[in-house]
Every structure is written in C-alpha cells, then in structure tokens.
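The values are calculated or read from the model by the stated rules, or taken from the named source; none is laboratory data. The shown structure was predicted, so the numbers you read here are calculated from the model rather than taken from an experiment. All Cβ positions, glycine included, derive from the backbone under ideal geometry; neighbour counts span all protein chains shown. Heads up: the accessible areas ignore ligands, DNA and RNA and are worked out on the full protein's heavy atoms, side chains in. Shrake-Rupley method; radii C 1.70, N 1.55, O 1.52, S 1.80 Å.
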Amino acid sequence: MRARARLGTEHDASSGGRGRTRVRTLRSEWPLMLRTTAPLRRDVISGWASRGADPARLHLAAAAAGPVGGDALHLEVVVGAGSALVLGEVSPTLLLPGPRGERSSIRVDIRVGAGATLAWLPQLVIAARGCSHRTEVHVRLDPEARLLLREEVLLGRHGEAPGALAQRLRVTVGDRPLHDQELVLGTPSSGWSGPAVAADHPCLGSLLLVDPAVPEGPRTAGSAAATMPLAGRGCLVTALAPDTSGLRDQLDAACAELIGDEQPQPVPAAPARAAR
C-alpha cells in the first residue's frame, strides 16, 4: 500500500487581534486521514502554541490497522509563516508484520516558517512481534520558528518480544543541523535492551522542544529521564518507564516544567476552515 497526506496552514490576519490560523491545504489518502478538530480544553501546550496566533488543531486518523509490512506512507506538513498548528493522532499506531516479510515505512517531511509554531503530539507506537518498520522524520525550521514534538514507543504487546523498529529524527534550523538521531530497537538488533538504550524497559519516549525563549531543560525530568540542551534553543528530554502511563507521566511533567509558565491565550471554539 502506498499513501500520501498533505497539510498546510497560513496566518489569517483578517480576523483581527493576533489573527488566527487557516488551513489552506488538506489532502488525505486512505489510510492517512487528516481531520480538523475543536480543542477540548485549554492546557499548557495550547497556551504555548497560541503565543503568536490562534492555532489550528488537527488529528491524523488511521483508516486501517497497521502499517503492515510492505506499506509506505508519506506525510507532508507546511506550517506557514506566523501560523500555529497543534497536530495529534486519534489512536496508537500498531506496527504489524506483512505476509511476505517486507519492511513498512513512514516518511514525514515538515517545514515550519518564520514566526510559526508546531506542536506535534503523535500517539504511542507499538512494535508488535514480527514487524519490520522504519520511520524517517525531517523537520526544517526557520530560525524564528518553534517546535514541540513528543514521541512514545512500546516494545511489543503484552507478553511478547518486539519486532524490528528503526526511527530517525532530523531537525534543521535554516541550513544548519540542530538534532539528528537514529534509534534501532527490537530483534534482530543487538544491544538495544542494554543500559545505553532501553535498559530492559518496555516503554521509551522523548520530548523535543525548540524555542529560543526556553533555553534550559527541566530541573526534575524524572527518575529514568535525561535532559540534553540543544544549542541554546531548547532541549531534548528522553525517558524510560515500565508502562505507558508512567512514560506519559514523565513526559507530561517535563513538558509542564518547560512551558508551564506560558499563559494560555484564547483558543477558537470552532475548527479552522479547510480549503477545498
């Protein structure tokens, strides 16, 4: 299966005040379905995202199980200058083996323009036994752009060993690299469960913040978490946990400490208008 989805936003100053974000491109191919959603509540993330403009909020809804071996999915996101986007997922992603032992893949290309903000909050990725999968994410930021990205992984379902999972995240600011990391987990890789990687924990995740206004990491990231500063523009928090709720608690605590002083701005009650 091959599928591509495209999402683009722009700043709409005609609404007055700080302006709002308008969705100008919204193209989905099954099973990658993008849907606009109204914010359920005001929280620290929506407050952080709405500093410059009222954000658009969308979710990626998988219309089928998987991806399974052999699937190749591609998501393109362009956050236009001055606009703000909170992008989430409706449900966890379950990586499954295919009938012929092929590898599945997800490629994500993101551009965030000058003065724009992206909060990307994908749901848990579950590496089921026998899967073979690779995810490639490249985020290109304008020097005046901001990014908040959360990632969570569960290594196998209950009582099973995980399949093979490789994840690469590359973030560039202008034409210079800021963060480039590849993580290889599960069988048949060696050393992934050792103390330098998962340390026998079934759950691991990260919180990446790129924001010149928040140059320092949290003071208390958690008992199994570590913080790495990113060239004065933010930080990367990585965490390990025995279960998914413990992992989310650590990442939420780090997020609240990093951006919790942000004052939430008014968020539109209705979803952003989508261009046809």
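So how far apart, in nm, are the two label points at Asp109 and His138 if each is 7 Å from Cα heading toward Cβ?
The two pseudo-label positions are separated by 0.7 nm.
For the chain, which whole percent of the accessible surface, found with a 1.4 angstrom probe, sits on carbon and sulfur atoms?
The computed percentage sits at 51.
Please say if the range 1-74 is rounded, prolate or oblate, where rounded means a/c under 1.5 for a ≥ b ≥ c the square roots of the C-alpha gyration tensor eigenvalues, and otherwise the choice is prolate for a/b larger than b/c and oblate otherwise?
Prolate shape, in that a/c is at least 1.5 and a/b is the bigger ratio.
Putting +1 on Lys and Arg Cβ atoms and -1 on Asp and Glu Cβ atoms, find which of Ala225, Ile45, Ser91 reaches farthest to the positive end of the dipole of the chain.
The listed residue farthest towards the positive side: Ser91.
I need the calculated FRET efficiency for the pair Thr172 and Ala72, taking r as the beta carbon distance and R₀ as 30 Å, to the nearest 0.05. Present the calculation step by step, with values, prior to reporting the outcome.
Values: r = 23 Å, r/R0 = 0.78.
Efficiency at R0 = 30 Å is approximately 0.80.
Extending each Cα 7 Å along its Cβ direction at Ala13 and Asp252, get the distance between those two points in nm, one decimal.
3.9
Need the full-extension length gain, Thr36 to Arg2, defined as separation in residues times 0.36 nm minus the C-alpha distance. One decimal, nm.
Result: 9.9 nm gained on full extension.
Please turn the phi angles of the range 133-150 into ³J(HN,Hα) values with the Karplus equation 6.51 cos²θ - 1.76 cosθ + 1.60 (θ = phi - 60°), one per residue in order, whole Hz, x for glycine and proline.
Along the range 133-150, the couplings run 9, 9, 10, 10, 10, 10, 10, 10, 10, 5, x, 9, 8, 10, 9, 10, 10, 10 Hz.
Name the residue, out of Ser104, Ser245, Ser193, whose mean-square fluctuation peaks in a Gaussian network model built on the chain with Cα pairs under 10 Å.
Answer for the Gaussian network model of the chain: Ser245.
Under a crude label model (7 Å from the Cα following the beta-carbon direction), how far is Arg157 from Ala61 in nanometres?
It is 2.3 nm.
Of the residues Pro188, Pro122, Pro55, which exhibits the maximal mean-square fluctuation in a Gaussian network model of the chain defined by a 10 Å Cα contact cut-off?
Greatest mean-square fluctuation among the candidates belongs to Pro188.
Mind running the shape call on the chain? Use the C-alpha gyration tensor, a ≥ b ≥ c as the square roots of the eigenvalues: rounded below 1.5 for a/c, prolate if a/b tops b/c, oblate otherwise.
Numbers: a/c = 1.86, a/b = 1.31, b/c = 1.43.
Judged from the Cα gyration tensor, the chain comes out oblate (a/c at least 1.5, b/c at or above a/b).
Between Ala213, Ala81, Ala145, which gets the highest mean-square fluctuation from a Gaussian network model of the chain, Cα cutoff 10 Å?
Ala213
Measuring with a 1.4 Å probe in the full set of protein chains, what accessible area per residue, in whole Å², belongs to the chain?
46
In whole Hz, with x marking every Gly and Pro, tabulate ³J(HN,Hα) for the range 170-186 from phi via Karplus 6.51 cos²θ - 1.76 cosθ + 1.60, θ = phi - 60°.
These are the phi-based 3J(HN,Hα) values: 10, 10, 10, 10, x, 10, 10, x, 10, 8, 9, 9, 10, 10, 10, 10, x Hz.
Taking the Cα centre of the range 1-73 as origin and charging only Cβ (+1 Lys, Arg; -1 Asp, Glu), how large is the dipole, in debye to the nearest 20?
Taking the Cα centre of the range 1-73 as origin, the dipole is about 160 debye.
How are the C-alpha pair distances of the range 1-133 spread across 5 Å bins, as whole percents from the shortest bin up?
2, 10, 19, 21, 17, 12, 9, 6, 3, 1, 0, 0
Calculate, in nm to one decimal, what Arg129 and Val184 gain on full extension: separation in residues at 0.36 nm each, minus their alpha carbon distance.
Additional length available on full extension: 18.3 nm.
Read phi for every residue in the range 78-84 and hand back ³J(HN,Hα) as whole Hz from Karplus 6.51 cos²θ - 1.76 cosθ + 1.60, θ = phi - 60°, with x for Gly and Pro.
Couplings: 10, 9, x, 3, x, 8, 9 Hz.
Taking the Cα atoms only, what angle lies between the long axis of helix 244-259 and the longest principal axis of the chain, rounded to 10 degrees?
Taking Cα atoms only, the helix is inclined about 30 degrees.
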